[in-house]
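Structure first, then comments.
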Amino acid sequence: MKKHNFSAGPSILPQSVLQKASEAVIDFNQSGLSLIEISHRSSAFVDVMESARALSLELLGLQNKGYQALFLQGGASLQFIMVAYNLLEKKAGYLNTGTWANNAIKEAKHFGSILELASSKDSNFNHIPKNYTIPEGLDYVHVTSNNTIFGTQLQNFPNASPLVCDMSSDIFSRSLDFSQFDLIYAGAQKNMGPAGTTLVIVKEDILGKVLRSIPSMMDYKVHIDKDSMFNTPPVFAVYVSLLTMQWLKDLGGIKAIEKENQRKAQLVYDAIDQSDVYVGFAAKEDRSVMNATFTLAEGADAETFGQMVKSAGINGLNGHRVVGGYRASMYNALPLESVQVLADVMNEFNRKG
Ligand SMILES: *Cc1c(COP(=O)(O)O)cnc(C)c1O
């Protein structure tokens with residue numbers, strides 16, 4: 001039986017997508033060939049890449065607005081480097097909201113000076129810093145929209161340009177005015193597809209402003225000019241990402257999934273707030289709709305809770321070691337019924353005391 005999969009990443013994909021992906025591995029569109037044994041230059045795969053690039057822009061409402069979509073490799077972690085390589089000349093501003101933001105800062109420091117605009121490090125990143133000022137003259141501002149490990153999520157984005165956003169763990173999960181961003185990147189393995197590709201959406205007019213020479217593989221412009229096919233792309237990861245985006249479009253797109261995601265998160269946060277045994281980690285106003293983090297109150301029987309979780313068929317609920325406790329990751333593909341199972345277990349454990 002399928003487990004209720006709350007894994008933080010790589011994470012759950014729609015069952016229908018897994019089914020189609022597995023069929024394509026054996027026989028892609030009745031071609032007599034596997035998706036992963038054909039040339040990436042074949043028209044069959046070029047179609048996949050072009051559809052994936054176009055659909056990512058369509059879902060975000062960014063078609064015909066000067067943006068290009070790329071499916072690159074190296075994970076979001078390589079984007080920490082590529083962003084700075086392509087955009088950082090003198091000084092950039094970073095909002096430090098946790099481990100991933102911190103890693104982005106660390107890598108960018110290889111290319112220029114970094115101004116930490118604000119940080120919630122002193123409280124183990126349990127909230128999003130507010131009321132910070134952004135000086136004039138920065139090369140760009142970088143934020144992390146959802147802090148996967150800590151379970152916090154930005155509601156308001158800085159009014160800055162260019163604005164760069166790591167959306168690895170909440171891409172396609174909520175409606176925003178995506179045109180406020182000049183560069184968005186997201187590792188596929190949280191909310192879009194398998195590990196192995198990273199979606200980069202970049203507004204072309206922010207490129208070409210740094211003086212350094214950029215190696216081809218690091219250069220967004222090179223990838224744009226080659227239609228995201230400068231070298232062999234991760235064909236399977238791109239195809240499965242396309243299937244997931246098509247699944248989302250058929251559901252009604254971001255607006256439809258956003259409602260569902262809110263209902264799911266509400267179930268878990270209600271279970272936390274209406275209990276004596278759960279302590280939410282993130283500040284209420286900054287709670288993430290994707291990752292809900294909590295611990296057990298002192299004296300609660302973690303072993304019993306763990307057994308109840310396990311026998312309900314729930315997978316992947318352990319918190320990240322820097323927060324401890326539990327983390328319920330409720331990405332787009334996780335059905336409401338799975339979250340209801342978790343909420344029922346949480347409520348039952350709370351009643352038992
Ligand atoms: C998981 C994650 C990353 C790291 O992604 P990789 O693809 O493993 O490099 C970066 N940022 C955020 C917000 C993440 O959740």
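Spin-label pair residue 337-residue 213: with each label point 7 Å from Cα along the Cα-Cβ axis, the two points sit 5.9 nm from one another.
For residue 179 and residue 311, what does the FRET efficiency come to when R0 = 35 Å and r is the distance between their Cβ atoms, rounded to the nearest 0.05?
Numbers: r = 47 Å, r/R0 = 1.35.
Result of the calculation: an efficiency of 0.15.
Per residue, the chain exposes an accessible area of 44 Å² to a 1.4 Å probe, with every protein chain left in place.
Using a 1.4 angstrom probe on the protein heavy atoms only, could you order 142, 110, 40 from most to least accessible area? Intermediate results must be reported in sequence, preceding the final value.
Numbers: 142 0, 110 145, 40 35 Å².
These residues rank, largest area first, as 110, 40, 142.
On a full-extension model of 0.36 nm per residue, what is the gain between residue 26 and residue 321, subtracting their alpha-carbon distance, rounded to one decimal in nm? Mind showing how you got there, number by number?
Details: separation 295, 0.36 × 295 = 106.20 nm, distance 3.88 nm.
Between residue 26 and residue 321, full extension yields 102.3 nm more.
Applying 0.36 nm per residue to the separation of residue 136 and residue 285 and subtracting their alpha-carbon distance, the gain on full extension is 50.8 nm.
Calculated FRET efficiency, residue 352 and residue 3, Cβ-Cβ r, R0 22 Å, to nearest 0.05? Write out the running numbers ahead of the final one.
Working: r = 23 Å, r/R0 = 1.06.
Once rounded, the FRET efficiency stands at 0.40.
Each residue of the stretch 38-47 was assigned a 3J(HN,Hα) from its phi angle through the Karplus curve 6.51 cos²θ - 1.76 cosθ + 1.60 (θ = phi - 60°); the sequence is 10, 5, 5, 8, 5, 5, 4, 7, 4, 4 Hz, with glycine and proline shown as x.
Near residue 118, the amide H atoms lying under 5 Å from its own belong to 96; only residues 5 or more places off or on other chains count, and H is placed 1.01 Å from N. Highest average first, the peptides 250-256, 143-149 ordered by how many other beta carbon atoms sit within 10 Å of their residues are 143-149, 250-256.
Highest-first packing order for the peptide set 113-126, 230-243 is 230-243, 113-126, based on the mean count of other beta carbon atoms within 10 Å.
When all alpha carbon pairs of the stretch 251-353 are counted in 5 Å bins from zero, the resulting P(r) reads 2, 12, 25, 26, 19, 9, 4, 1, 0 %. Modelled spin labels at residue 73 and residue 204, positioned 7 Å past Cα toward Cβ, are 2.6 nm from each other.
Would you mind putting 129-136, 12-19 in packing order, based on average other-beta-carbon counts within 10 Å, highest first?
Numbers: 129-136: 10.0, 12-19: 18.0.
For the peptides 129-136, 12-19, the packing ranking is 12-19, 129-136.
The stretch 47-68 and the stretch 238-280 have Cα centres separated by 23 Å. Once R0 is set to 41 Å, what does the formula 1/(1 + (r/R0)^6) return for the Cβ-Cβ distance between residue 110 and residue 36, expressed as a FRET efficiency to the nearest 0.05? Result of the calculation: an efficiency of 0.75. The distance between label points at residue 156 and residue 227 comes to 4.4 nm (points 7 Å beyond Cα on the Cα→Cβ vector).
For the pairs 310/352; 65/209; 130/249; 65/249; 3/284, note any where the Cα-Cα span goes beyond 24 Å.
Details: 310/352 17 Å; 65/209 20 Å; 130/249 34 Å; 65/249 20 Å; 3/284 29 Å.
Flagged as over cut-off: 130/249; 3/284.
Taking Cα atoms of the stretch 15-251, Rg/Rh with Kirkwood Rh, to two decimals? Value, to two decimals: 0.98.
Atom-type composition of the exposed protein surface of the stretch 215-267 places 53 percent of the accessible area on carbon and sulfur (1.4 angstrom probe). Close amide-amide hydrogen proximity is noted between residue 278 and 297, each under 5 Å apart and 5 or more residues distant or on a separate chain (H modeled in the peptide plane; Pro and chain starts excluded).
The values are calculated or read from the model by the stated rules, or taken from the named source; none is laboratory data. None of these values were measured; they are calculated from a predicted model. Positions of Cβ are backbone-derived with ideal geometry, glycine not excepted, and every protein chain shown enters the neighbour counts. These area figures cover heavy atoms from the full protein model, side chains too; ligands, DNA and RNA do not enter into them. Shrake-Rupley method; radii C 1.70, N 1.55, O 1.52, S 1.80 Å.
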